[in-house]
Amino acid sequence: MNMVVCVKQVIDPEAPPASFKINQSDNTVVPPSGIPPVLSPFDENAIEAALQIKDAQGGKITAVSLGINLLRDVVKKPLSMGADDLILLEDEAFVNGDSLSTAYALAMAIKKIGEYDIIFCGRQAADWDAGQVGSGIAEILGLPCVTLAKKIDITNGKARIERVTADGYEVIEVSLPALITVSNEFGEPRYPTIKGIMAAKRKQPIVWKAADIESESSKLGATGRRTKLLKLFQPVREGECEIIEGESPEEAAVNLALKLREAKVI
Amino acid sequence: MADYKGVMVYGESTDGKLAAITTELLGCGRKLADDLGQELYAVILGSDINGLAQEAIAFGADKVFTVDDPLLKDYQSDSYTPVMEKVVKEVMPEIILLGQTSLGRDLAPRLAFRLDTAVSMDCIDLSIDPESKLMLQTRSVYGGNAQATFTSESSPQIATVRAKTMSSMERDDSRKGEIITIEAGLDPSAIRTKVLEKVIEEVEGIKIEDAEVVVAGGRGIGSEEGFKQLGELAKILNGAVGASRPPCDNGWISDSSQVGLTGKIVSPNVYIAVAVSGASQHMSGCSGSKNIIAINRDPDANIFKASHYGVVGDWKKILPAFTSKVKELLDK
Ligand SMILES: Cc1cc2nc3c(=O)[nH]c(=O)nc-3n(C[C@H](O)[C@H](O)[C@H](O)COP(=O)(O)OP(=O)(O)OC[C@H]3O[C@@H](n4cnc5c(N)ncnc54)[C@H](O)[C@@H]3O)c2cc1C
């Protein structure tokens, strides 16, 4: 089974909300100081999904990441978890795109990788939260796509996928090759082992520039954008919290109930 | 762009009726269409979809396009995308709105790429720019820490919309509109997926999306047993139990109870957050609540910044006393 997993380096989405700052002059997010970036958590779920298939029936996993200034410690995580190869699309020409131009570059890179049975993506990147790149790659490569997977079984060249829905899940069968996006319901990704970390340290990622993949430059990065970002801003929170006190926790609880009743909240 | 006209709402149904998100989209779409001086369309795909078109008219649509075909019984991107592509090419709407639902999340990007255009996902505000006449698409980004406004110059302009961010119009059954059927024209061999089963995880009591009171627990609840205690309070208040993500990941409560960016969007009258820290991804799902009440032992927890009332302390001591006092007050 040949598998490709797309992973993205993002600002830590679980950093304290107070550390989140925007540079209004150019509509960008200021990376919080002292908090290193991470792989988008859903992408780690996607690596886990690929690793489980590899564990069960063997295969090869290639991780692909697009961006610039990629921290090797961050983007090598798939290798330390057990992936075989890492390809970085690290070129100014690829960045500042929107979902479509990003999907296009990834799709062209995957075409160059050549053989694949399953392409995995996380359900959405934890920075822009769009959740479009997986569908975009599938559309460009002409593949079927199943989104929001929480369980995947492979039998006889087909994948049987449990897809998360609003009040449960549906079981979908899809022929391979296919693209699958993975949700956190899939379960915790494994921790890298010491052995894995050592192996990842020795392994050099393969870096591809725009000239290394067959692509039309007008469709890449910022030039390929269809959407224009007019404004990035932090919503203002109004109002103040009234803290209800008491001599003891129990008394504070009673006072809260009385207050809510008095204010006709309950 | 001149050839594209009209605002089209993608209609979904639950239990044979238009879904709440669809009536919300019709309300929002009506405003956009009026601002552009254009018509509001609805499009409904499925199998045995009688009655829905009339309902869409009652909620504001001028024209409804229906595609009724047994192959459309279950949503699959391989069947729905080509049908929507066909509808869009026939009708040429300038704007298409879908809900940010399990269907919309899947269909909208695929459709946008098929049509060689763009989509903004999970919008919370849409309006028409008076000058450019383009749709201003505001969506939540960075897990709810920020919002971003986009435009797109490629047609049609597509957006998915978060539940409970738009208001429906009053249902008016005297409204007149036109219903037009379109053939699916599907090639069954092009459908590479098969829906084998649909599993609904029933939760007891009121659905969380419909509840007027939600009692939500976070990681600090610590166990399934703890959630039973939240359940007691919810029952007394005639509400539903919700959760942040960790309790769902840990199996203390079903995944369908998760509130937030990747879970349910709720806007009850009362949202009681117990041992929830108030991460932006969680608040994305409940910040529309009228009254947020927090119980947390950490006085600096972010949840207090978003709450109206709060108690600082151990929920294990606070909740039982609160529950019995509430019961006493409501019994009176
Ligand atoms: C892309 C992305 C999407 C996400 N989507 C969602 C989503 O949809 N919904 C969601 O909820 N999360 C989501 N998350 C996770 C989110 O970032 C937070 O990690 C999560 O919401 C934290 O849950 P919590 O508040 O229960 O846990 P914590 O942040 O660990 O907070 C636990 C709180 O409990 C308090 N506490 C502990 N013990 C007690 C006690 N005995 N008495 C009183 N208080 C106590 C602590 O003070 C603390 O404030 C997402 C994350 C990412 C990256």
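Overview of values
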| item | result |
| --- | --- |
| Subset of the stretch B:181-234 [away from the ligand (no atom under 16 Å from the Cβ), out of contact with any Leu (no Cβ under 6 Å at 6 or more places or on another chain), in a strand (DSSP E or B) and of a type in the set (A, V, I, L, M)] | B:V195, B:L196, B:V199, B:I200 |
| Candidate set: the stretch A:146-186, residues that are touching a strand residue (DSSP E or B) at 6+ places or on another chain (Cβ under 8 Å) and in a loop (DSSP other than H, G, I, E, B); chosen: the one farthest from A:G136 (Cα to Cα) | A:D167 |
| Top-ranked residue of the stretch A:98-129 - restricted to ones that are more than 13 Å from the chain's Cα centre (by Cα) and not in a helix (DSSP H, G or I), ranked as farthest from the other protein chains (Cβ to nearest Cβ) | A:G114 |
| Members of the stretch B:251-263 found to be without any contact (Cβ under 8 Å) to a residue 60 or more places away in the chain and either farther than 20 Å from B:G205 by Cα or not in a loop (DSSP other than H, G, I, E, B) (or both), listed by number | B:D255, B:S256, B:S257, B:Q258, B:V259, B:G260, B:T262 |
| Filtered residues of the stretch B:1-46 (kept if under 16 Å from B:V87 (Cβ atoms), without any contact (Cβ under 8 Å) to a residue 60 or more places away in the chain and among the hydroxyl-bearing types (S, T, Y)) | B:Y41 |
| Given (1) farther than 30 Å from A:P17 by Cβ; (2) more than 12 Å from chain A (Cβ to nearest Cβ); (3) buried (at least 18 other Cβ atoms within 10 Å of the Cβ), index of the condition B:T117 fails | (2) |
| Residue that is least open to solvent (accessible area, probe 1.4 Å) [pool: residues in the stretch B:303-332 that are near the ligand (Cβ under 8 Å from one of its atoms) and within 32 Å of the chain's Cα centre (by Cα)] | B:I303 |
| Single condition B:I265 does not satisfy, out of (1) more than 16 Å from the chain's Cα centre (by Cα); (2) within 12 Å of the ligand (Cβ to nearest atom) | (1) |
| Hits in the stretch A:149-168 (condition: within 11 Å of chain B (Cβ to nearest Cβ) and among the hydroxyl-bearing types (S, T, Y)) | A:T165 |
| Where a residue in the stretch B:227-249 is touching a residue at least 60 places away in the same chain (Cβ under 8 Å) and assigned by TED's automatic domain parsing to the domain that holds B:V270 and its partner, wherever it lies, is in a helix (DSSP H, G or I) and among the basic types (K, R), with Cβ under 8 Å and at least six apart | B:I236/B:K327 |
| Which listed residue is touching a Gly at 6+ places or on another chain (Cβ under 9 Å) and within 14 Å of another protein chain (Cβ to nearest Cβ), from B:Y80, B:Y41, B:Y75 | B:Y75 |
| Residue within the stretch B:269-289 that is under 19 Å from B:V213 (Cα atoms), at the interface with chain A (Cβ under 7 Å from one of its Cβ atoms) and either part of a helix (DSSP H, G or I) or in contact with a Ser or Thr (Cβ under 9 Å, 6 or more places away or on another chain) (or both) present | yes |
| Residue that is nearest to the ligand (Cβ to nearest atom) [pool: residues in the stretch B:290-302 that are closer than 18 Å to B:G222 by Cα and at the interface with chain A (Cβ under 9 Å from one of its Cβ atoms)] | B:I295 |
| Test: A:D98 is acidic (D, E), surrounded by 23 or more Cβ atoms within 10 Å (Cβ to Cβ) and more than 16 Å from the ligand (Cβ to nearest atom) | yes |
| Criterion: out of contact with any helix residue (DSSP H, G or I) (no Cβ under 7 Å at 6 or more places or on another chain) and buried (at least 16 other Cβ atoms within 10 Å of the Cβ) - qualifying residue of A:L70, A:L51, A:L66, A:L86 | A:L70 |
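Per-residue answers, yes or no, for (1) buried (at least 17 other Cβ atoms within 10 Å of the Cβ); (2) free of Cβ contacts under 8 Å to residues at least 60 places away in the same chain; (3) in a loop (DSSP other than H, G, I, E, B):
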site: B:C123; (1), (2), (3): yes, yes, no
site: B:R139; (1), (2), (3): yes, yes, no
site: B:D173; (1), (2), (3): no, no, yes
site: B:I179; (1), (2), (3): no, no, no
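The values are calculated or read from the model by the stated rules, or taken from the named source; none is laboratory data. Only a predicted model underlies this, so the values are computations on that prediction, with no experimental measurement involved. Every residue, glycine as well, gets a Cβ built from its backbone with ideal geometry; the counts of neighbours run over all protein chains shown. Please note that ligands, DNA and RNA were not included when accessible areas were found on the heavy atoms of the full protein model with its side chains. Shrake-Rupley method; radii C 1.70, N 1.55, O 1.52, S 1.80 Å.
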